Amino acid sequence: MSTIRVTKQFTFETAHALYGYDGKCKNVHGHSYKLSVTVIGTPISDPNNVKYGMVIDFGDLKKIVNKEVVDVFDHATILNKNTPHLELANHLIGLGHNIILVDYQPSSEMMILDFAAKIKAQLPEGLSLHSLKLQETETCYAEWFASDNL
């Protein structure tokens, strides 16, 4: 059976600030992110399986990505927990805001590494994460490919 790549796209709204950055992005600001998730595998060949002919049911992929990324990061503010933004984060948490403190600079590049690890850990046996594309703006995005990370 041939190997097939399937892709599902997701959208979510997230704010972040890049501590120590020398431009406008040092300020808290938000993006309408677009995440494309591509998995690779062979279609299920058992005609008695309800998922016969599929590499993965798009609904199953949606459940994984929503649980690990979209439901967590949508309408949240991501801040590096090792910066002075911690004081701001604690204040906002006290006001009921959805704040995610991470141990990395919340750039698209570092976020995509985080997302790749989370999604890979949840994929069913026989499937691999092929690539991710995290689009931050209409003209800017980061990409992650499994083949670059062997």
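Sparsely packed loop sites in the range 30-126 (the chymotrypsin sites (Phe, Trp or Tyr not before Pro) outside DSSP H, G, I, E and B with at most 12 other Cβ atoms within 10 Å) comprise Y52. Of the trypsin sites (Lys or Arg not before Pro) found in the range 47-150, those that fall in a DSSP loop while having at most 16 other beta-carbon atoms within 10 Å are K51, K81. The alpha carbons of the range 81-150 give a radius of gyration and a Dmax of 15.4, 45 Å, in that order. Hey, how many Å between the Cα centroid of the range 1-68 and the Cα centroid of the range 97-119? The range 1-68 and the range 97-119 have Cα centres separated by 14 Å. Starting from the Cα of K8, draw a straight line to each of the aspartates and glutamates and keep only those under 13 Å, dropping any in the same chain fewer than 8 residues away. Qualifying aspartates and glutamates at Cα under 13 Å: D57, D60. Electrostatic bookkeeping for N98 treats Lys and Arg as +1 and Asp and Glu as -1; over the other residues with beta carbon under 12 Å from its beta carbon, the sum is -3.
With loop membership from DSSP and a limit of 10 other Cβ atoms within 10 Å, the longest segment of the chain without GluC sites (Glu not before Pro) is 1-124. Across V55, V28, the residue with the most accessible area heads the list, and the full order at a 1.4 Å probe is V28, V55.
For the set V6, V72, V37, the ranking by accessible area, highest first and with no ligand, DNA or RNA atoms included, is V72, V6, V37 under a 1.4 Å probe. Using the rule -39500 (n - 2.57) for each DSSP H run of four or more residues, divided by the residues of the chain, the 222 nm mean residue ellipticity is -6000 deg cm²/dmol.
The values are calculated or read from the model by the stated rules, or taken from the named source; none is laboratory data. Just so it is clear, the model here is predicted, and its values are computed rather than measured. Cβ atoms come from the backbone with ideal geometry, glycine included; neighbour counts cover every protein chain shown. Calculation scope for accessible area: heavy atoms of the full protein, side chains included, ligands and nucleic acids excluded. Shrake-Rupley method; radii C 1.70, N 1.55, O 1.52, S 1.80 Å.
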